[in-house]
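J.: Mind having a look at this structure? Questions to follow.
Every number here is computed from the coordinates shown, using simple stated rules; none is lab data. These figures come from a predicted structure and were not determined experimentally. Here Cβ is always computed from backbone atoms with ideal geometry, including for glycine, and neighbour counts include all displayed protein chains.
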Amino acid sequence: MSDLLGKNYINCEKGLWSWLTTLDHKRIGIMYLIAIVFFAFLGAVFSLILRYELFSAGKDFLTALQYNKVMTYHGAIMTFMVLVPGIPAVLGNILLPLQIGAKDVAFPRLNLLSWYLLILGAAIAIISLFTTGVDTGWTFYAPYSTGSAQSGTIFVVLGAFVMGLASILTGLNFIATIHQLRAKGMTFMRMPLFVWGLYATSIIQIVATPVVGITLLLLVAERVLGVGVFDPKLGGDPILFQHFFWFYSHPVVYLMVLPGMGVISEVVTAFSKKVIFGYKAIVYASVAIAGVGFLVWGHHMFVSGQSDWAGVLFSFITMFVGIPTAVKIFNWMTTLYKGSIEFRTPLLFALGFLFVFAIGGLTGLFLATLSTDMHFHDTYFVVAHFHYTMVGGAVMAVFAGLFYWWPKICGRMYNELQGQIGFAFVFIGFNVTFFPQFILGAMGMPRRYFDYLPEFEHLHAVSTVGSTIVNTGMVILFVVLYRAWKYGEIAGDNPWNATTLEWQTTSPPPHENFTKEMKVTGGPYDYA
Amino acid sequence: MTMRKHAHHFKDGDHEFSASKMGVWLFLCTEIVMFGVLFVAYFLYHNQYPETFAEGAKFLDWRLGALNTVVLLFSSFTMALGIHFCQKNDSKKAVLNLALTLILGAVFMIVKYYEYSHKFHLGLYPGKFFSYEAAESVNLAMYFSFYFLMTGLHGLHILIGMGVITWVLIRARRGEFNSKYYTPVEGVGLFWHVIDLIWIYLFPLLYLVG
Amino acid sequence: MFRLFFISIFSLFSQLAYSKKSVFMPPEASVYARDADQLYSFILNVSAVAFVLIILIIAYFGIKYRRKTLNDKTPNMSHNFALEVVWTIIPALIFFFMFGWGWKLWNQARHSPNGALEIFAEGQKWSWSFNYKSGRTSTNVVYVPVNKPVKFILSSKDVIHSLFLPAFRKKQDAVPGRYTSLWIQPNKEGEYYIFCAEFCGTGHSEMIAKLKVVSFKEYAKWLSNDPYKGLSLSAIGKKTFKTSCVACHSSDSTRKIGPGFGGLWGSTKQFTNNKSALVDETYIRESILNPNAKIVKGFPKGVMPTFKGQLSEKQIRGLVEYIKDLKE
């Protein structure tokens, strides 16, 4: 294919082996992409099974136990195998060195090792499908998880541990890369905002992931040795598990969304051809979200039995997360003002992100406020809320980023009309799937229910229809990207006339990214 | 002595060295956070069941713990010397010190082995395998769960540390390190120091506070 | 034109704010529920207005500043300190107002008044059992008097459950190894759902109990009433079946979580240890009190909890008689 494109990282070596042993960050990014698309496909299949079981009230084609397993696999696969590695490992790997003018990440071999660890962890988790499976929910709450009859629990927990290690190594690599390998003249305040997003994310990966790592090991020890740390029968405290678990798993939602926000910053400026509004505010907001994100885990536990004062404190601090989030939305909005806005697929996804994420963020207020959370906690409202933030945040941003950088990644342009059709499916399908779930939650439908009262049936049916639309959209989008890779028109080095460094090399870039040493003399978005 | 070329994406050897050192430090942060979680859990349960933990600590011999502390402190010293002699291009002395470090690590593990087998002999196993019958506290097993989890995880790190010391020892013998390039020894040294540091916290917590 | 549109949107939402019914919420059954709904409506309206504004502004910019030529010039607006301070402080003020309001209601919600009627509620896989001070117990149904504060003291026999009363806008986890509590003061008679809101396994969605709010007279009558007075053993068994067993077992031979009871009596069951036994009184009694002693082939171990201490001797005898009567 690439004869028209000149020598680049894709065609410089040939054969599967050259890919499996590559140290090139771009190739590793592509391998992440392939692996994660596969995992996402698995997770989506599980989600469709769920939705069709819930289409009508009563038992349809699954037993309650099977439903619980499907629900657990959907959650565990989507979080640990898709969302956590999603943007950092795919787009981050490919774009980070390009955006800062480096030849590679700081530790290329470690980078490859991370990929193999992800695959190994995923394999261990997926093997559990061939045992009894796992039915604990992706949160693995003790003492249900320590006493569950499903022995597959250990596999999934160990798999998540190994994938956590992969995530730590990626974060470590990125921090070192950002500190050590920026091009001459690129001060921290001249870094593209996507790089800032990755930096904040990496800090979370480094600080939070070891906590869940040891917690998962304790869970395994609990099952194998009966150590009693989380088992009330032996004097342990199941609520401690929740504290440890959410100390990781709350920052993790920012881990999913912060690099996404970085992508949105890039896309919004590029397609309004205008300097980003409030660069510093966005930078500080990213760092603030990452920092405050460590202090709010207890808002998952308002009714868990933790002390009332803990609840008050966590509710108060949680409000601080809302502020930088609101600030970012206003900044993107104002960037559009007096811009030269071109509605291409990446921008549509970015605006879709704003729409979906605004709803996700605002509904967070209901959950952060103590007394309303007493009603909404563990209902479909929460399910809808985190799908709006995490799926809205991560998935819309992933597609915005993939379509925006695709011409750089493979040197070829996607088909605009097809891209927009795919966007329409995903955007409409997503809202049809999850908006009714807010209403279900308000009505009092608890989450993780295999069966429900007949009055909830209509909204569930709507939601199932939506899930079919959104998954159709996903298939369309990946077909569009695949066709672009194979048959797309040659895109040129800088099809969007964007200003960041990655657009100043050829498309696709050569093995060492740049043919000359890069020098930076100003901010990243010099459009004026 | 062979001159080693730095990787293509770094400016020079120094640049590569500072990046690698940063990477090692970041990794060590994650190790500290991980042990930190165990310490937090230990403190919480120690507060909740002070008698259980006091009874458990009585089974530990503080003299063996102190011996191991001295052994590790001394091994940190020899490790530092190992790095020092690499920097001074004296690979003979470097090898000697690295070998000493390795031996001290082994001494630590042997002492640990005696301590463990003594506990097993009494039936002081972790969790549900606990079979000691004269316990006064109902959940004495929990103390030993913590004991074995914390010292076990630490011991595992000592073993890993001994593995990587062996690796740099072999490379040092081949004369691969010199004043221009000694990154792996430095990294392994940092790892070893942090593992020692964790023991410095484990020792009073388990053996002395009780 | 644009401004007019904004004003009409605003007035629409301010009207919504004054409407009585809370959007999407179930009927309110206590004063607290009404208070919580007011806060809910406030957040809902603020969010809706904010959301509509954001989307309208984006749409307006999108249309007005659509790219005309490839050489469009854009201004160099890097920041505006005053504007950024304003849009940081305004949301902050709104958020902390919400927090404060939530805190105030939370304090009310968490501190039960003195003299509240106390009922112990214990969750187990997959039913709720209620224990009154008088010694009266009931499973999956709880009677309380209207207009009196009632405090549930929650505990759990196995894993974490959560007592969720949508009509009262309250829930609280029931955690093994400790007590937690939740109080309500119903102000309307009626029947309300109690859901389990914390995932607790296979029968999680079947773990639904009923709260019956009745007049004090009716409540007193129910409390002193022996529920099994004048009933045959088999009828006692049927009642017990309907509260304690039906979440996992059917009265015919269909399989739910556990085996169906229809045609069970007198049959021979094959167990996972390759032994078999005749279903008689001894077997049924053992299956109720020590359910994991013999596991029927094709069913997983460790699913059914013991009902020791939950069911009285009379109820167990009743179940034996009831099962005898069940045909396939």
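J.: From the backbone phi of the range C:267-276, what are the Karplus-calculated ³J(HN,Hα) couplings (6.51 cos²θ - 1.76 cosθ + 1.60, θ = phi - 60°) in whole Hz, Gly and Pro given as x?
T.: Those phi angles translate into 7, 10, 9, 8, 10, 5, 8, 6, 9, 9 Hz.
J.: Compute the orientation-averaged projected area for chain A from the convex hull of its Cα atoms and round it to one decimal in nm².
T.: Orientation-averaged projected area of the Cα hull: 23.1 nm².
J.: Find the all-direction average of the projected area of the Cα convex hull for the range C:115-239, expressing the result in square nanometres with one decimal place.
T.: Dividing the Cα hull surface by four gives the mean projection, 8.0 nm².
J.: With the contact rule set at Cα under 8 Å and sequence spacing of 6 or more, what percent relative contact order holds for chain A?
T.: The value is 18 percent.
J.: OK, next. Looking only at the protein assembly as shown, where both bridge partners belong to it, what percent of the DSSP beta bridges are antiparallel (to the nearest 5)?
T.: Rounded to the nearest five, the antiparallel share is 70 percent.
J.: Separate question: From largest to smallest, what semi-axes in whole angstrom does chain C give when each is the square root of 5 times an eigenvalue of its alpha carbon gyration tensor?
T.: Value: 55, 27, 17 Å, ordered largest first.
J.: How big is the charge dipole of chain C about its Cα centre, in debye rounded to the nearest 20, if each Lys and Arg gets +1 on its Cβ and each Asp and Glu gets -1 on its Cβ?
T.: Rounded to the nearest 20 debye, it is 260 debye.
J.: Can you give the average number of partner chain beta-carbon atoms within 10 Å of each beta-carbon in peptide B:14-21, as a whole number?
T.: Mean shielding by partner chains, rounded to a whole number: 3.
J.: I've got another one for you. If I take R0 = 60 Å and measure r between the Cβ atoms of A:Phe61 and B:Ile160 in this structure, what FRET efficiency does the formula 1/(1 + (r/R0)^6) give, to the nearest 0.05?
T.: About 0.80, to the nearest 0.05.
J.: For the range A:1-104, what's the relative contact order in percent, using C-alpha pairs closer than 8 Å and at least 6 residues apart?
T.: Relative contact order, the range A:1-104: 36 percent.
J.: By how many degrees, between 0 and 90 and to the nearest 10, does the Cα long axis of helix B:62-87 differ from the longest principal axis of chain B?
T.: Rounded to the nearest ten degrees, it is 10.
J.: Across peptide A:302-310, how many C-beta atoms of other chains are within 10 Å of each residue C-beta, on average?
T.: Rounded to a whole number, the mean comes out at 5.
J.: Using a cut-off of 29 Å between alpha-carbon atoms, which lysines can reach A:Lys14, once sequence neighbours fewer than 8 places away in the same chain are excluded?
T.: A:Lys26, A:Lys103, A:Lys408, A:Lys486, A:Lys516, B:Lys5, B:Lys11
J.: Rank by packing, highest mean first: peptides C:221-231, C:156-166, with packing defined as the count of other Cβ atoms within 10 Å averaged across residues.
T.: Highest to lowest by the protection proxy: C:156-166, C:221-231.
J.: Once the principal axes of the Cα atoms of the range A:155-307 are found, what is the range along each, listed largest first in whole angstroms?
T.: 62, 32, 22
J.: Grab the alpha carbons of the range C:233-325, take their convex hull, and tell me the volume per residue in Å³.
T.: That works out to 84 Å³ per residue.
J.: If the cut-off is a Cα-Cα distance under 25 Å, which lysines reach C:Lys151, setting aside same-chain residues fewer than 8 apart in sequence?
T.: In chain and number order, the partners are C:Lys104, C:Lys125, C:Lys133, C:Lys170, C:Lys171, C:Lys188, C:Lys210, C:Lys212, C:Lys217, C:Lys221.
J.: If a helix is a whole DSSP H run, which ones in chain A reach 24 Å or further along their own axis (Cα) and hold a mean Kyte-Doolittle hydropathy of at least 0.0?
T.: The qualifying helices are A:25-54, A:108-127, A:152-180, A:193-225, A:238-272, A:308-336, A:345-368, A:416-443, A:457-487.
J.: Need one number: % antiparallel among DSSP beta bridges in chain C, to the nearest 5.
T.: That works out to approximately 70 percent antiparallel.
J.: Any chance you could tell me what percent of the C-alpha pair distances in the range A:91-167 go past 18 Å?
T.: Within the range A:91-167, distances greater than 18 Å cover 52 percent of Cα pairs.
J.: Using bins 20 angstrom wide from zero, how does P(r) for the protein assembly as shown break down, in % of all Cα pairs?
T.: Calculated over all Cα pairs of the protein assembly as shown, the distribution is 12, 39, 35, 14, 1, 0 percent.
J.: Enumerate the amide H contacts of C:Ile194 below 5 Å, restricted to partners 5 or more residues apart or on another chain; note that Pro and chain-start residues carry no placed amide H.
T.: C:Ala209, C:Lys210, C:Leu211
J.: Next question, about the same structure. Across the range B:13-209, how many lysine pairs separated by 8 or more positions, or lying on different chains, have Cα atoms within less than 18 Å?
T.: Close lysine pairs under the 18 Å cut-off: 7.
J.: Further question on the same structure: Normalised by the number of residues in chain C, what is the relative contact order in percent for Cα pairs under 8 Å and 6+ residues apart?
T.: Relative contact order comes out at 13 percent.
J.: So what's the range A:213-303 giving for Rg/Rh, alpha carbon basis, Kirkwood Rh from the mean inverse pair distance?
T.: 1.23
J.: Averaged over all directions, how much area does the convex hull of the C-alpha atoms of chain B cover when projected, in nm²?
T.: It is 12.4 nm².
J.: Also, I was wondering about something else. Shielding of C:46-59 by partners, i.e. mean partner chain Cβ atoms within 10 Å per residue?
T.: For peptide C:46-59, the averaged partner shielding equals 4.
J.: Mind listing the phi-derived Karplus ³J(HN,Hα) values for the range C:214-226, rounded to whole Hz, using 6.51, -1.76 and 1.60 with θ = phi - 60°, and x for any glycine or proline?
T.: With the stated coefficients, the range C:214-226 comes to 10, 5, 4, 4, 4, 4, 4, 4, 5, 5, 8, 7, 7 Hz.
J.: Quick query: amide H of A:Gly492 versus all other amide H atoms, modeled in the peptide plane; which residues come in under 5 Å with a sequence gap of 5 or more or a different chain?
T.: For A:Gly492, no residues qualify.
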